[in-house]
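The values are calculated or read from the model by the stated rules, or taken from the named source; none is laboratory data. Since the model is a prediction, treat every value here as computed from it, not as a measurement. Because the Cβ atoms are built from the backbone with ideal geometry, glycine has one as well, and the counts that use them run over all protein chains shown. Remember, those area values only see protein heavy atoms, side chains included, never the ligands or the DNA or RNA. Shrake-Rupley method; radii C 1.70, N 1.55, O 1.52, S 1.80 Å.
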Amino acid sequence: MRPKRKLLIFRDVVSSLIIAALLVTGYNYFTSSAAEDYLDEEELITHEETTKNFKFGFDTEEFHFESSTIQYNQFLGQILNSNGISFSKIAELEEKAKEVFDVRNIRAGKRYHLIKKDSCEDQALAFIYEPHPLSYVVYDFRDSVNVEIVDKEFDIVVESASGEITSSLWQSMMDQNVSPGVIDLMEDALASSVSFYHTKKGDKYKVIFERKYIDGEPVSLGKMLGAYYENKHGQYYSFFYENDLYSGFYDMEGRPSKKSFLKSPIKGSARISSRYNLRRLHPIKKRRIPHLGTDYAAPYGTPIHAVSNGVITKASYTKNNGKYVKIQHDDVYTTQYLHMQRFAKGIRPGVNVSQGTIIGYVGSTGLATGPHVCFRFWKNGKQIDHLRENFPPAEPMPDDELPHYYQTRDSIKAQLDMIPLPGETPIAEGPAL
């Protein structure tokens, strides 16, 4: 056989062997990957089925659930005893629960669940109480009495909203099915630049915020990530920034959005019903008596916040003031909050409070015609109109922190700028948060 022909035969054999090897390798890889995918899918299905079969840590196929709502004047002891729990176990539960979730904190209107072995069983094995959409309390009577607070798993979804005010900010939000709680988040974000008591027709806004979901249902708002507001005075941005040293809202230049004093002790749900006025006609006494405070009307029970850091000097009651709290902030400023329905838990003379701390709740105690808080402000011992006071700025962010802040600012601003206002064309999508 000629050398040339031998070379051709050798080349064909080698080529065939290479092709066969490649086919075998590809087949093994394909079948191996397919098997892995199949196993992963099986594991996923099994995991999903296992997860779906459990509720509050109890297998739904093994246990029976009875759900209801705490009624007014209904006590935990009554519920448990009528479901087979002895008074001795109830007493043991009450003692153990004090350090975890005191049974005295159980409130009417909240959901609860009794766990039983089956529908024919009278005795409860556990009592589940849901004080909050994001957590539940397990009072377990199996073996020994145990109490545990469990945080629910939730998903965080970043959402946005925008609008133009035609009647009120609240109505604009409701028209878009956005929770009014977003208004409170906006007020926190834009506290030093926008007065939400003076919103006008034509004002525009954009917000990016977190919402928490459980099983696809919204249960709670998360953080406000960024906010934009536009009115006749200009355009205002605010961005949330957080690390080990800082947490809060800052403007384009890295200045804190909150000044050293809040503009109001009540968040956006209130309205100014009476201003500081040296010649006011008193609504009850019907004669001119100087009104040395600002009245904020709000529904009964609305939280009242400390407008700045300070120490409580009085938490008391008088015939005219009703229940009131007085706070010394520094050597210059003092504030007072009148006509409270009740004090917040732990509020008493000598207690230090931070800006935004809830100190009480709106009421009409004392000399008041309806639910409101009369907010009074002293500067160097003299009562003043706080709405005319130019408060000192909060401590600015240091220069060495600004480059890190600017990265967060630019990312959130790009997202805000993409959100169209009414009548605008949507902008092409930019970088993700």
Considering only His305, Phe391, Ala414, whose Cα is most displaced toward the positive end of the charge dipole of region 289-417, charges sitting on Cβ of Lys, Arg (+1) and Asp, Glu (-1)?
-> His305
Calc'd 3J(HN,Hα), region 354-370, phi into Karplus 6.51 cos²θ - 1.76 cosθ + 1.60 (θ = phi - 60°), Hz, glycine/Pro = x, comes to 9, 4, x, 4, 6, 10, x, 9, 4, x, 9, 6, x, 8, 9, 8, x
Classified through the alpha carbon gyration tensor (a ≥ b ≥ c as square roots of its eigenvalues; rounded if a/c is under 1.5, else prolate when a/b is larger than b/c, else oblate), region 86-151 comes out oblate
Over all alpha-carbon pairs in region 298-433, figure out the percentage whose distance exceeds 19 Å.
-> 63
Note, Lys89: beta-carbon cut-off 13 Å, +1 each Lys/Arg, -1 each Asp/Glu, net -3
Per-residue HN-Hα couplings for region 234-247, Karplus 6.51 cos²θ - 1.76 cosθ + 1.60 at θ = phi - 60°, whole Hz, x for Gly and Pro?
-> x, 10, 10, 10, 8, 10, 7, 9, 8, 8, 5, 10, 10, 7
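So how many Å³ per residue does the convex hull of the Cα atoms of region 51-162 work out to?
139
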Using DSSP to define loop residues, name the trypsin sites (Lys or Arg not before Pro) in region 335-400 whose beta-carbon has at most 13 other beta-carbon atoms within 10 Å.
-> Lys345
Using the structure shown, list the pairs from Lys258/Lys379; Lys152/Lys206; Lys55/Lys267 with a Cα-Cα distance above 28 Å, or answer none.
-> Lys152/Lys206; Lys55/Lys267
What FRET efficiency, computed as 1/(1 + (r/R0)^6) with R0 = 22 Å and r the Cβ-Cβ distance, is obtained for Ser273 and Thr313, rounded to the nearest 0.05?
-> 0.25
Quick shape summary for region 157-275, equivalent ellipsoid via Cα gyration tensor, semi-axes whole Å in descending order, reads 21, 20, 14
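Under the √(5λ) rule applied to the eigenvalues of the Cα gyration tensor, what semi-axes describe the equivalent ellipsoid of region 333-405? Give them in Å, descending. Don't jump to the answer; show the numbers that get you there.
Working: eigenvalues 194, 62, 30 Å².
That gives 31, 18, 12 Å for the three semi-axes.
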Working with all protein chains in place, sort Glu92, Glu130 by solvent-accessible area computed with a 1.4 Å probe, largest first.
-> Glu92, Glu130
Region 143-193-region 301-346 distance, computed between alpha-carbon centres (Å) | 27
Taking region 121-202, the whole-percent share of alpha-carbon pairs separated by over 18 angstrom is 63
Give, in nm to one decimal, the length gained when the segment between Met174 and Ser68 is fully stretched (0.36 nm per residue of separation minus the Cα-Cα distance).
-> 35.1 nm
Where nothing but the Cβ of Lys and Arg (+1) and of Asp and Glu (-1) is charged, how large is the charge dipole of region 171-241 around its Cα centre, in debye to the nearest 20?
-> 300
Given backbone amide H placed at 1.01 Å from N, residues whose amide H is under 5 Å from that of Ala126, ignoring those fewer than 5 places away on the same chain, are Ile115, Phe141
Using bins 10 angstrom wide from zero, how does P(r) for region 164-223 break down, in % of all Cα pairs?
-> 20, 53, 22, 6
Going out from 0 in 5 Å bins, what whole percent of all Cα-Cα distances in region 371-410 drops into each bin?
-> 5, 15, 14, 13, 10, 9, 10, 14, 8, 1
Return the FRET efficiency for the residue pair Lys382, Glu230: r is the Cβ-Cβ distance, R0 is 35 Å, and the value is rounded to the nearest 0.05.
-> 0.40
Residue-ordered couplings for region 172-188, obtained by feeding phi - 60° into the Karplus form 6.51 cos²θ - 1.76 cosθ + 1.60 and rounding to whole Hz (Gly and Pro as x), are 4, 5, 5, 4, 9, 6, 9, 4, x, x, 5, 4, 4, 5, 5, 5, 4
Virtual spin-label span in nm between Ile156 and Glu61, 7 Å along Cα→Cβ | 3.5
Straight-line reach from Lys116: which aspartates and glutamates have a Cα under 16 Å away, not including same-chain ones fewer than 8 places off?
-> Asp59, Glu61, Glu62, Glu66, Asp140, Asp143
Project the alpha carbons of region 285-349 onto their principal axes and report the range along each, largest first, in whole Å.
-> 36, 29, 20
Over region 74-222 - Rg/Rh using Cα atoms and the Kirkwood inverse-distance radius | 1.17
